[in-house]
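As structure tokens, the structure follows; a few thoughts come after it.
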Amino acid sequence: MKTELFLASRYLFRGKARHVSFIGVISCLGIALGVATLIVVISVMNGFDNDLTERLTRFNYHLIVEAGDDTEDVNLAQISEEISELKEVSNCSQFLQTQVFAKLGKIVFPLTVKGIDLNNEQEREEFYKYVLQENGEKGFFIGEGLSRKISPVKNIEFYPLKKSFKSQTEEIRGVFKVGLYDVDNGYLISDLETAKSLSDNYLIFLGIRLKDSFSAPNVKQKILEKLKYRVFVSTWIESNQILFSALKLEKITMFIILSLIILVASFNIFATLTTGVVEKTKDIGILKSLGFSKRRILMLFSLQGVLLGGIGTAIGTMLGLGICIFLKQYPLIKLPEAIYYIEYLPIAINYRDISLIMFTGFLLSYICSFFPALRAAKMLPSEALRYE
């Protein structure tokens, strides 16, 4: 093995034909740029993914429980007491959702009304993290996006879901900003009693916040086993399954597309080794005459490709990680906040993804070096030395 490694490095970096070394440098740089690009892009996508997950769990509950047979408050209160005994649960509170049709001049558009239990200290504290301003103690909190549409109006006119369908007016209690477009532009938040008074057409749920949001599927099973009466339980992961599936598919697609950069650079290794096999025909013949087996010749030329790919992958990994760490510490790329609701490009380094990228670089380098090495291994000594 030491002999093969010595000869492989000598052929790569001390060859007489300078153009071979130049192609080797180009091969390394190509793989390095491909690996670095892939690391940066995947880290940015992970950043957006983590940021979106964090924003979804800000406003939405980790688990939502709906009584199957009866949705009376007293039943949900009993359920809440039993669920609160679970060690994974941070807080339980009732909430309801209904709809109204807001009127702005001649325009009528639907809005979702969410009534939360502001008497619950933890729930109140959680919601007030996102309150930008509060004008009074009664009325609706409106999202920042919606407030820009109706500003400077201090009241909101709407039609509740009633048979009479008469317009009502309610004060704007304050403004909140969660960072999700649909919520900040299409939600009204109020206390439970205000939301109940709007209409008889509403659903009451039990919202559960967990200490670890990703334990929601396990906690769901515990709740279903614990409660004897029939309930419907859904997790925040299930509610956003389509969105997360789309993000996962996008990430896989980007990985495959950008891996083609590494594949193209790996073809340079194929060209380098193919040229090397032709130029080292005499050497191959001599080595085989000295007793080198096909396996050792195969290893000799394969090691050249692995060395090129390894050096390129190592340089690319350091470059990609360096860019990611720099952008994380010193965010320079600014994003339009009106679209993304974040000021700068998010970066999240996932070392499992980076390991997969490095493995991909090594694998493609080895595959592209295998075929020229196989050609060299099959060469007969008599043919190699015939014209020497």
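The values are calculated or read from the model by the stated rules, or taken from the named source; none is laboratory data. Predicted, not measured: the structure shown is a model, and the values here were computed from it. So basically every Cβ, Gly included, is an ideal-geometry build from the backbone, and we count neighbours across all protein chains shown.
Summary of values
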item: Pair list, Cβ < 8 Å and 6+ apart or interchain, from the stretch 36-61 residues that are closer than 12 Å to ALA348 by Cβ to residues that are aromatic (Phe, Trp, Tyr); result: ILE42/PHE255
item: Single unsatisfied condition, THR53 versus (1) closer than 16 Å to GLY207 by Cα; (2) of a type in the set (Ser, Thr, Tyr); (3) in a helix (DSSP H, G or I); result: (1)
item: Enumerated strands (runs of 3 or more DSSP E) restricted to the stretch 143-252, each holding at least 3 residues that are closer than 20 Å to GLN122 by Cα, out of contact with any His (no Cβ under 8 Å at 6 or more places or on another chain) and in the same structural domain as LEU96 (by TED's automatic domain parsing); result: 168-176, 187-191, 203-210
item: Single match in GLU121, GLU137, GLU126 (criterion: surrounded by fewer than 13 Cβ atoms within 10 Å (Cβ to Cβ) and closer than 22 Å to ILE64 by Cα); result: GLU121
item: Residue check, SER245 surrounded by 13 or more Cβ atoms within 10 Å (Cβ to Cβ) and at negative phi; result: no
item: Test set (1) assigned to a helix (DSSP H, G or I); (2) closer than 22 Å to GLN99 by Cα - LEU118 fails condition number; result: (1)
item: Test: residue in the stretch 50-73 that is modelled with pLDDT of 80 or more and touching a Pro at 6+ places or on another chain (Cβ under 8 Å); result: yes
item: Residues located in the stretch 179-211, provided they are among the acidic types (Asp, Glu), within 19 Å of SER80 (Cα to Cα) and buried (at least 18 other Cβ atoms within 10 Å of the Cβ); result: ASP191
item: The lone exception for ILE116 - which of (1) buried (at least 19 other Cβ atoms within 10 Å of the Cβ); (2) more than 30 Å from SER151 (Cα to Cα) it fails; result: (2)
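Here is a yes/no grid of residues against (1) at pLDDT 75 or above; (2) in contact with a helix residue (DSSP H, G or I) (Cβ under 6 Å, 6 or more places away or on another chain); (3) part of a helix (DSSP H, G or I):
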residue	(1), (2), (3)
LEU308	yes, yes, yes
GLY312	yes, yes, yes
GLY316	yes, yes, yes
LEU319	yes, yes, yes
GLY322	yes, no, yes
LEU332	yes, no, no
ALA338	no, no, yes
